[in-house]
C-alpha cells in the first residue's frame, strides 16, 4: 500500500511525466476533471496543480513529492525542498526575446513572469534592468509598448515566431525535476523506494531514446 | 469560535511553558525589531548578534544565554512565529549537552504526552566533517564551494553526481543513516570521529546533506522532526570560526507554527 503523494505541474510536465509514471509500473489515473487521486495499493497518490504552486505544496507537506520544471525552481529559490532527480523530460529553455535580434544596450526594460532569474541574468552582466511583471501572454508586451524585451520559457519557439519575436539569448535550458519534502525524504522509507523506481524509469527511458 | 480559542490557549500555554523553562535555566530574553531599515527579520541569530555587538565585549560573561521570540519572514508574504534559543560565545561540551536537554524539554511541550517523545527524530549533520571529507578528496576551492552551494540549495541530484565522481562509497553519508553504518563509513575516511551527541532519548539519524540554509554554521547542524509533519519543529547548530567570542556559539529555532499543528494534530502528510 502506498501512502505518499506526488504533485505534478499541469501542462507540458504532466504530459511528459505520464511515460515515466507508467514505466515505473504504476497505473496512470485518468485525470478527467479530478485534480486529486489518493494513494492506492498499486500507485502513489497524485495531485495535479499549477507548476508555480508545486514547490509550496511540497514544502508544506501537502504532497511528499513534486514534479516541476527547473525554470520554476530557479525562480523560487529559498523554498525548503530537496531536488532529487533530473527527470530528463519536458525540455524547454528560458530565453530573452525581442522584436529585433539585438542585444540590449544600456538600461533594459523586460516583461516577464520570472523576475528573479531575469534580475540575476542581467546582474551577472552588470546591466541595469527594469522588470515589468506580467503573469502571462508575454509575447504581446513588445507590441503593446510595455517592454521591448521579454524573458519567458519556450519549447520550440513557435509561439515567439508567430508573434514576430526573435530569440536574443538563452538564459538556461530546463527539464522537469523530482523534488521532495525534506522531512519525508529523511524519515519515510517509502520515499527512497519511490525515488529509486523513478530513477530506474528515467534510466530506462534515456536508454530507449538513445537506441531510437 | 470556542474551539479556535481553546486551540489558541493550548498553543499559548505551550509557548509560555517554553519561556518559563528558559527563564528557570537562567536564559535572558532579548528583543529584536521584526523590521529594521526596510528589511524584514529573516533570522533571530543575526538580529541577536547585532544587538549584543552594541555592548563592550569585555563586560560580557560568556557564553551568553539568550532567547528571542517573534515572527520570521520568508520570501513573499510568508512568515512564521519562532522562538530562538542561543548560547553565544565560546562553548564547551557541557553547553552542547545542555542544548540537547533544552531542545528535548522545549519540544516535548508540544506533544500530547512526554511518552510521544520517542516519535521525534533528530537528523544531524556536521559541517566540520564535510570540510574534512572535501579536503581529503582534494577538491579545489571552487569545487568545495559548489558542493556546499548545492547542499544549501537542496540540489541532492547535483551533490550525488559530484560525490559519485570522487568517492562513490561516500554516497550513503549523504542520506539519513543510523549511527553504526554512518560512523563506520565516516571513520573509514576520517580519523576516529565519535558521535558528538550521546544524550538524545528519541530517534537520531546522521546525514551530511543536512547543512542548514544559513552560511554561518560551521560544526554540528540539526533538524528535529515529528514524523507526521512536513516541516521541522526545530532547526539549529553550531557556529564559529571567527576570533571574536560574538561570532561563535550554539543555538536552535523552534517553529511555533509547526508546534501548534502538532498540538492540534492538523496533519497533512
State whether the residues of the stretch B:133-149 include one that is buried (at least 20 other Cβ atoms within 10 Å of the Cβ), within 14 Å of chain A (Cβ to nearest Cβ) and closer than 24 Å to residue A:83 by Cα.
no
Hey, among the residues in the stretch B:191-203 that are over 16 Å from residue B:238 (Cβ atoms) and either touching a strand residue (DSSP E or B) at 6+ places or on another chain (Cβ under 8 Å) or crowded, with 16+ Cβ neighbours inside 10 Å (or both), which one's farthest from the other protein chains (Cβ to nearest Cβ)?
B:202
Given the conditions (1) in contact (Cβ under 8 Å) with a residue 40 or more places away in the chain; (2) in contact with a strand residue (DSSP E or B) (Cβ under 8 Å, 6 or more places away or on another chain); (3) within 20 Å of residue B:116 (Cβ to Cβ), and given that residue B:232 satisfies all but one, which numbered condition is not satisfied?
(1)
Can you name the residue in the stretch A:31-59 that is within 14 Å of chain B (Cβ to nearest Cβ), in contact (Cβ under 8 Å) with a residue 40 or more places away in the chain and not in a helix (DSSP H, G or I) and, of all such residues, is farthest from residue B:257 (Cα to Cα)?
A:44
Say whether the condition of being more than 22 Å from residue A:24 (Cα to Cα), within 14 Å of another protein chain (Cβ to nearest Cβ) and surrounded by 14 or more Cβ atoms within 10 Å (Cβ to Cβ) is met by at least one residue in the stretch A:146-162.
no
Looking at this structure, is residue A:173 loosely packed, with under 15 Cβ neighbours inside 10 Å and in contact with a strand residue (DSSP E or B) (Cβ under 9 Å, 6 or more places away or on another chain)?
yes
Residue check, residue B:225 against (1) at pLDDT below 95; (2) surrounded by 24 or more Cβ atoms within 10 Å (Cβ to Cβ); (3) over 20 Å from residue A:180 (Cβ atoms), all met but one. Which one?
(3)
Could you count how many residues in the stretch A:61-75 are within 10 Å of another protein chain (Cβ to nearest Cβ) and either buried (at least 24 other Cβ atoms within 10 Å of the Cβ) or free of Cβ contacts under 8 Å to residues at least 40 places away in the same chain (or both)?
2
Counted residues in the stretch B:156-165 being crowded, with 20+ Cβ neighbours inside 10 Å and within 9 Å of another protein chain (Cβ to nearest Cβ) come to 1
Just to verify a result, which residue in the stretch B:166-190, among those that are over 25 Å from residue B:122 (Cβ atoms) and loosely packed, with under 13 Cβ neighbours inside 10 Å, is farthest from the other protein chains (Cβ to nearest Cβ)?
B:169
State whether the residues of the stretch B:105-119 include one that is in contact (Cβ under 8 Å) with a residue 24 or more places away in the chain and within 14 Å of chain A (Cβ to nearest Cβ).
yes
Restricting the search to the stretch A:76-113, which residues are within 14 Å of chain B (Cβ to nearest Cβ) and either modelled with pLDDT of 95 or more or closer than 23 Å to residue B:213 by Cα (or both)?
A:76, A:77, A:78, A:79, A:80, A:81, A:82, A:83, A:84, A:85, A:86
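The values are calculated or read from the model by the stated rules, or taken from the named source; none is laboratory data. It should be emphasised that the depicted structure is a prediction, and the values quoted were computed from it without experimental measurement. Neighbour counts run over all protein chains shown; Cβ positions are idealised from the backbone, glycine included.
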